[in-house]
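Each value in this text was obtained by applying a stated rule to the coordinates, not by laboratory testing. Computed from a predicted structure; not experimentally measured. Virtual Cβ from ideal backbone geometry, glycine too; neighbours counted across all protein chains shown.
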Amino acid sequence: MIRKLNFTGRKKIPRSRVPVTLFNVDKHPLSFDVQFELSDLNLSPEALIFVEAYKRTSYMRFSFGTIGKFTIPSNRSLVDIEPGVIPLFRVKVVDETSQQGRIIALADKILPKGIDEGTREKISLLHVEFSEDLGGQIWKLDLSGGWPVIQVNNQIDLIKEIARSDMAFIALVYPEVVRKILNHIIESDEIDPELDEDDWPGMWLNFVGSMPGVGSPPSGRDASIKNDQMEWIESAVQAFSNKWHLLDQYQKLQHQGQE
Amino acid sequence: MAQVRKLNLQGIDRFREYLSDLSENSELVPPREILTDSIYSEKVNGQAHVEIIKFSNRIHMVEYLSTALESIDSSIGAKNGGLWSWLSLFYFDQVCPQGLNGERKVGRDYRHILDKGYRHRHRHLIAGPYMTHQMYGEKTRLLLSGPIHQENRIHHELAARQEFITNRSIIEVADTLYFDSQQNRPKRGTLSKIKAGSLLRFIDVIRQLELTYDLYSMQAQKIISLLPDEFNEWGIFRLTEQ
């Protein structure tokens, strides 16, 4: 099992302790609210709290006072975040008593709430986002950011809704999305779900691992490990398809279309 | 002097078609008539004027445009693609000059037509440098050095990384390390893959430091004081600990 070690000395803040909620979704600018539950992390009362919103090359930073005295900024509009995207958030607790600002606690890649109500499990694992530069493509999986995102072509009416809930789209597209995501996790050696349970690779491994017959991905240094891992991915995609009865659902839609 | 306009969808299509044709016949004349033809271009909100002047370098260009465009929306979001594409066609002889044999080397479309996606938007030969200059003013001389018609790889390396281009102090440190004020150009070896402390190594080191330090709250000199000794030969002045 591959494990990563943290030599920085900073504490990890579970994302569940700093939930972020977005407002004005689908408008620009977005605004946000954040709650802090940091009391038992034993952080210095003088340490500063910063909340950062970021996406691609846009970034904003807000000061929320100190651990001992929260100060909520009255203006939390994300005016500098590129329109049409959902930013991720980062909460930093910084000790500035020394000359350099040292990060003593951190929560990163916080996916905000307030988006996509009604599709909780799917959306916490996979984000759907408009894209203007897909050309003739309908969708594309983007794994270059902090969270997996299905980009959908904004030239298609209602495509966001289609990507989230249209059974034909889900049946045809999502198995391949699952395959690509798991392949990415395996390729980048992020296969220990205990490493970071609330980062997206850990969440995805827990999600697929809980399905019948899937379990944890094979790991080790055997020569055959690559094949075993590819087989595991295929079994996970199969289990995913079975869980949501994708074949039945799709055939049902075809019959309905013929009537 | 010309009134600034923006290409509409037909105008952008026409410009794109020209760029495509240019790759087959590099002596084709730019379709400048669409700059003022209302079928292909339209007025922008507000008034701005530009003229054909020979820019001595990229900084000259962005400084000129900063003044010329100050009364209109000159953001580089996707909705403003028509403006930047219009400017690219207006200054086409400078962003895509003819070589000695009369041929133009056009490159990818996103160098001339503002890309709607974020990945290549900063690579527009006018809008990319303009945006960087709007953010950081004179501290961008490292990123904006060089001729207009060539992409600056330093700009590309830094502007494509959110944690770099959004942090004024990191941009300032890069300027301190890699810009030769006397020669008014980047120092030799800045983009070397083997020289100690080069830009690519700087990017790696900053990414490491970000795991421990809140670089957004630090002044440039404080970040410099954290850099390992391999950067000493780039002529940095370190603050001593108080």
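In this Cβ point-charge picture (+1 for Lys and Arg, -1 for Asp and Glu), the protein assembly as shown has a dipole of about 940 debye about its Cα centre. In percent, rounded to a whole number, the relative contact order of region A:205-259 is 31, using alpha-carbon pairs under 8 Å and six or more apart.
In chain B, the DSSP-assigned H stretches of four residues or longer account for a calculated mean residue ellipticity at 222 nm of -11000 deg cm²/dmol, using -39500 (n - 2.57) per stretch and the full residue count as denominator. With Cα atoms as the point set, the radius of gyration and Dmax of chain B evaluate to 19.7, 66 Å. Along its three principal directions, the equivalent ellipsoid of the protein assembly as shown from the Cα gyration tensor extends over semi-axes of 40, 34, 23 Å, largest first.
Which pairs, out of A:K27/B:K139; B:K79/B:K139; A:K55/A:K92; B:K116/B:K193; B:K139/B:K222; A:K12/B:K222, put more than 22 Å between their alpha-carbon atoms? Listed pairs above 22 Å: A:K27/B:K139; B:K79/B:K139; B:K116/B:K193; A:K12/B:K222. Site pair A:K140 and A:E259 shows an inter-label distance of 3.9 nm when each label is modelled 7 Å from Cα along Cα→Cβ.
From largest to smallest, what semi-axes in whole angstrom does region A:120-258 give when each is the square root of 5 times an eigenvalue of its alpha carbon gyration tensor?
27, 19, 13
Count the lysine pairs in region A:120-258 whose Cα atoms sit under 24 Å apart, keeping only pairs 8 or more residues apart in sequence or on different chains. Qualifying lysine pairs in region A:120-258: 14. Taking 10 °C and 1.306 mPa s as conditions, chain A diffuses translationally at an estimated 78 µm²/s according to Stokes-Einstein applied to its Kirkwood radius (Cα pairs).
The residues B:K222, A:K243, when put in order of fewest to most other Cβ atoms within 10 Å, stand as A:K243, B:K222.
Under the criterion of Cα pairs below 8 Å and six or more residues apart, the relative contact order for region B:161-242 equals 33 percent. By the count of neighbouring beta-carbon atoms within 10 Å, fewest first, B:S85, A:S224 end up ordered A:S224, B:S85. Taking chain B as the reference, fit the longest principal axis to its C-alpha atoms, fit the long axis of helix B:127-136 to the helix C-alpha atoms, and give the angle between the two in degrees, 0 to 90, nearest 10. It works out to around 40 degrees.
For a straight C-alpha distance cut-off of 20 angstrom, the lysines reachable from B:K105 (same-chain residues fewer than eight places away being disregarded) are B:K54.
When A:T97, B:T140 are arranged by Cβ crowding within 10 Å, least crowded first, meaning fewest neighbours, the order is A:T97, B:T140.
When +1 charges are put on Lys and Arg Cβ atoms and -1 charges on Asp and Glu Cβ atoms, the dipole computed for region A:11-110 relative to its Cα centre reaches about 220 debye. Take each residue in B:204-216, count the other chain C-beta atoms within 10 Å of its C-beta, and the mean is 4.
The radius of gyration of the Cα set in region B:118-242, together with its Dmax, comes out at 14.0, 47 angstrom.
Using only Cα atoms and rounding to the nearest 10 degrees, what angle (0 to 90) does helix A:246-258 make with the longest principal axis of chain A? That helix lies at roughly 60 degrees to the long axis. Basic side chains Lys and Arg get +1 at the Cβ, acidic Asp and Glu get -1 at the Cβ, and with that the dipole of region A:13-65 about its Cα centre reaches some 300 debye. Each of A:G136, A:M230, A:A105 was placed along the dipole of the protein assembly as shown (beta-carbon charges, centred on the mean Cα), and the one lying farthest toward the positive end is A:A105. Among B:G46, B:G197, B:G81, the residue with the largest mean-square fluctuation in a Gaussian network model of chain B, with springs joining Cα atoms closer than 10 Å, is B:G46.
Anyone know which of B:S20, B:S88, B:S169 comes out most mobile in the 10 Å Cα GNM of chain B? Residue with maximal mean-square fluctuation among B:S20, B:S88, B:S169: B:S20.
In chain A, Cα pairs under 8 Å separated by at least six residues give a relative contact order of 15 percent. Per-residue ellipticity at 222 nm computed for chain A from its helices equals -9000 deg cm²/dmol, with DSSP H segments shorter than 4 residues left out and the rest contributing -39,500 (n - 2.57).
The long axis of helix B:81-90 is offset from the longest Cα principal axis of chain B by roughly 80 degrees.
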